[in-house]
Amino acid sequence: MSGNSILVLNGPNLSRLGKREPEIYGHQTLDDINRGVAESFPDIRFVFFQSEEEGQLLEKLFECEDRGGFIGVILNAGAYTHYSIALRDAISAVGLPVVEVHLSNIFAREEFRRSSVISEVCMGVISGFGANSYHLGVRSLLGIAPRKKRITVAVNGD
Ligand code: DQA
């Protein structure tokens, strides 16, 4: 794992954020969320991609793996989370860590949303923190990426 790029990949209906059920997904548009993420992590080069189509999400994952230089992927797969075996297989196939994120808490909603077919092949799941789920996802990825420099932590003044 090397480089300083992160792919932020969003699936179907997330292009409608801002208008779409704001009581569940908030008032920010996807552009607002992406801008906020980019501003919070100025040292990271972000590639933002959204599609309504499963195949395009898979292709973007493969493209980023092939291009190289990616720390990992923040993925909000939207409804594909709950049934796309193709997406699950693609996540397994790529050698990039993927953090699954959701704006809403999928475990506190309808029964069908409580299961994710992709969680098992992701590094972890962040769900229910609105736009902050993406920020936490980036922080998690940076935490699991190998550090170039050794960091010394002083505990109790040692
Ligand atoms: C979502 C939750 C999914 O169940 C839903 O299909 C979405 C958005 C979220 O961010 O809360 O499209 O992934």
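The values are calculated or read from the model by the stated rules, or taken from the named source; none is laboratory data. Since this is a predicted model, take the numbers as computed values, not measurements. Heads up, the Cβs are rebuilt from the backbone with ideal geometry, glycines too, and the neighbour counts pull from every protein chain shown. Accessible surface areas use protein heavy atoms only, side chains included; no ligands, DNA or RNA. Shrake-Rupley method; radii C 1.70, N 1.55, O 1.52, S 1.80 Å.
P(r) tail for the chain, what percent of Cα pairs lie past 26 Å?
Numbers: 3028 of 12403 pairs.
Percentage above 26 Å: 24.
Computed over neighbours whose Cβ is under 14 Å from that of Phe62, the net charge equals -4, Lys and Arg +1, Asp and Glu -1.
At 1.4 Å probe radius, can you tell me the per residue accessible area of the chain in Å²? Write down the numbers at each step before the final one.
Working: 8550 Å² over 158 residues.
For the chain, the solvent-accessible area averages 54 Å² per residue.
Annotation note: GluC sites (Glu not before Pro) in the range 2-108 located in DSSP loop regions with a Cβ neighbour count of at most 14 within 10 Å are Glu52, Glu53.
Here the spin labels are modelled as points 7 Å beyond Cα on the Cα-Cβ line, and at Ser92 and Glu59 they lie 2.4 nm apart.
Expressed as a whole percentage, what fraction of the accessible surface of the range 8-158 belongs to carbon and sulfur atoms when a 1.4 Å probe is rolled over the protein heavy atoms?
For the range 8-158, the apolar C and S fraction of the accessible surface comes to 49 percent.
Net charge of the neighbourhood of Thr29, taken over other residues with C-beta under 13 Å away and scored Lys/Arg +1, Asp/Glu -1, is +2.
Relative contact order for the chain: what percent, with Cα pairs under 8 Å and sequence separation of 6 or more? Walk me through the intermediate numbers first.
Details: 263 pairs, mean separation 39.3, N = 158.
Relative contact order for the chain comes out at 25 percent.
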